[in-house]
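Below: one structure, written as structure tokens.
The values are calculated or read from the model by the stated rules, or taken from the named source; none is laboratory data. The shown structure was predicted, so the numbers you read here are calculated from the model rather than taken from an experiment. FYI the Cβ positions are ideal-geometry reconstructions off the backbone, even for glycines, and counts take in every protein chain you see. These accessible areas exclude ligands, DNA and RNA; they are computed on the full protein's heavy atoms, side chains included. Shrake-Rupley method; radii C 1.70, N 1.55, O 1.52, S 1.80 Å.
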Amino acid sequence: MSWGTELWDQFDNLEKHTHWGIEFVERYTKFVKERSEIEVNYAKQIRNLSKKYQPKKNSKEEEENKYSSCRAFLTTLNELNDYAGQHEVIAENLTSQIISELTRFVQDLKAERKSHFHDGRKAQQHIENSWKQLEMSKRRFERDCKEADRAQQYFEKMDADINVTKADVEKRSSLKARQQAQLRHQMAEDSKNEYTSCLQKFNQEQNEHYYTLIPHIFQKIQDMEERRIEKVGESMKMFAEIDRQVLPIVGKCLDGMTKSAESVEPKLDSNQVIESYKSGFEPPGDVEFEDYSQPMKRTASENSLSNSRGEGKDKPSGKSKPKLWPFIKKNKLSLKLSTLTAQVQSVIEGSGPEDCSHLPPEQRRKKLQAKVDDLNKEIQKEVDQREALTKMKDVYLKNPQMGDPNSVDPRLSEISHNIERLKLEVQKFDAWLAEVEGRLPLRNDQSKRQSGLYDTQNNAPVNNNCAQDRESSPDGSYTEEQNSETQIKAPSTEFDDEFDEEDPLPIIGTCKVLYPFEGQNEGTMSVAEGEMLYVIEEDKGDGWTRVRRSEEEEGYVPTSYVEVFLEITKGAMTYI
């Protein structure tokens, strides 16, 4: 069906309809634009959400990635970030493939519509002008015919009047009326011919207008409207297809999330907890019975010391008995546990002395091993850079026009210095690692010498921290194991100097040994459980207490292994 034949008289309605059609395209374009903005905002919110829960660098959250559930969550966040990217692709494609195209199409459509309706109005104006000319010629012909009839009637009246007495007057009047009648008839005939000509011309133009010109213009408008409808349909199809294009990638993102969720292994995570917090200590043994039914003989204190000392000597050496945590004296349990918590936290955060002596043996070994691995990686990077610069220097030597070989020397020297420095660091940490693994015997002078290598390179004084060099206790300053036996670090050399003093230190109290301790290193003293000793120096915050068994035998023992009493009476020890 054609608009030109079916709607030849609906010019105004077609104009309104086409105007509505363009407004519809503009409204659909606005809809797609708002959808694109929604996709952009949604993608932005998804990205912000993923970024918000990403682990921060050098934080506890990075340490948590060793658990499979945390790694799965990190993978989910990364996949979610890619998922947000697909929504950005949707927004971009909506803008480029629909919004931009429809915007240009609407502009062209408006221009084309304006041209077609301008031609239609022009044709309509022309046929209306032709109709007006026909009406004017018709009215002129009608008027001339009436005037010719009146002139003819007047002539006939004058010619038939017999009462006129003067013949000459009558003849002249009759002749004039005849001439007037003939003139009017001629004018009527001319008007008739003109009217006939205008009528024929109008009919011809009207036929051409309604059967040729208007159908042609309306056909163009109809084609324009059909293109508009087709374009809208294509845009709607593209609207769905743009979403469909990203579905495979979105599916891969979702598959990645599912795969990461399936990779969660509860057993592996529970084993990681063991690896993270394992201290390396043995569980506490049985608690021995202490008989308080008999009053202690104050005067037999020296005998008690000798007996305890003898028992300690007869007892075979072996694993040191760890402290029994549930039976700590009142108000000491919370202190011990808080100390343990702080040390576990220090394991996670990486704080503490450089040799990690504040950590349990197992945790210390892991920390030192990780440090050695990192240093070896840095050394390898420096070696690779040195090889690359050496090759560059060789090229410069063979082709001087490419560069100055001497310009590479400062950098090579700097890299060599860095490699030496890193190797010294590796030796230092490797020595500590060998110490904690029991591969090398612990010697105080060797440890001090290795610890000071890096400091010497940096022209910094060597600082031997007592807390780092002494053996650690179970309540914070943990002991280390060597070949499944208790391996204790020796006190620093400042203690050796004190032992060389001629005047013995005064006794400031007594202590009771709670757990056996084997002092295998210089400056320490082996003690047996239940033994009573003299205290000659309090714990200075490094976890060690200096005790004396006799005038010739004194040394350091872990503070957490003894119960100290700082009051002393004449000739006997007093419990507080």
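Note on the stretch 457-576: enclosed strands (runs of 3 or more DSSP E) holding 1 or more residues that are modelled with pLDDT of 75 or more and closer than 24 Å to ARG365 by Cα are 544-548, 554-558.
On inspection, THR196 does not qualify as among the β-branched types (Val, Ile, Thr), farther than 30 Å from ASN13 by Cβ and at pLDDT below 80. Of all residues in the stretch 406-423, those being open to solvent by 90 Å² or more (accessible area, probe 1.4 Å) and polar (S, T, N, Q) number 1.
Listed by first and then second residue, the pairs linking a residue in the stretch 36-59 that is closer than 14 Å to THR75 by Cα and modelled with pLDDT of 90 or more to a residue that is open to solvent by less than 90 Å² (accessible area, probe 1.4 Å) and β-branched (Val, Ile, Thr), with Cβ atoms under 9 Å apart and 6 or more places separating them unless they lie on different chains, are SER50/THR76.
How do the pairs read when you match residues in the stretch 278-301 that are over 23 Å from PRO360 (Cα atoms) and of a type in the set (Ser, Thr, Tyr) with residues anywhere that are surrounded by 13 or more Cβ atoms within 10 Å (Cβ to Cβ) and at pLDDT below 70, using Cβ under 8 Å and keeping only pairs 6 or more apart or on different chains? Cβ pairs passing all conditions: THR299/ALA572; SER301/ALA572; SER301/MET573. Checking the stated criteria, GLU234 turns out to be open to solvent by 90 Å² or more (accessible area, probe 1.4 Å), within 23 Å of ARG27 (Cα to Cα) and modelled with pLDDT of 90 or more. Checked against the criterion of being assigned to a helix (DSSP H, G or I), surrounded by fewer than 10 Cβ atoms within 10 Å (Cβ to Cβ) and charged (D, E, K, R), the stretch 258-276 has at least one qualifying residue. Here is the figure for the stretch 148-183: residues that are aliphatic (A, V, I, L, M) and modelled with pLDDT of 70 or more total 8.
Filtering the stretch 5-18 to residues that are closer than 26 Å to GLU234 by Cβ, open to solvent by less than 90 Å² (accessible area, probe 1.4 Å) and of a type outside the set (A, V, I, L, M) leaves GLU15, HIS17, THR18. Of all the residues in the stretch 76-119, those that are open to solvent by 60 Å² or more (accessible area, probe 1.4 Å) and within 21 Å of the chain's Cα centre (by Cα) number 4. When the stretch 125-137 is examined, which residues are found to be polar (S, T, N, Q) and open to solvent by less than 60 Å² (accessible area, probe 1.4 Å)? SER130, SER137, listed by residue number. Scanning the stretch 517-542 for residues that are within 27 Å of PRO283 (Cβ to Cβ), under 60 Å from the mean Cα position of the chain (by Cα) and crowded, with 22+ Cβ neighbours inside 10 Å turns up PHE517, THR524, VAL527. Applying the criterion of being assigned to a helix (DSSP H, G or I) and over 26 Å from VAL250 (Cβ atoms) to the residues of the stretch 30-75, the residue that is most open to solvent (accessible area, probe 1.4 Å) is LYS30.
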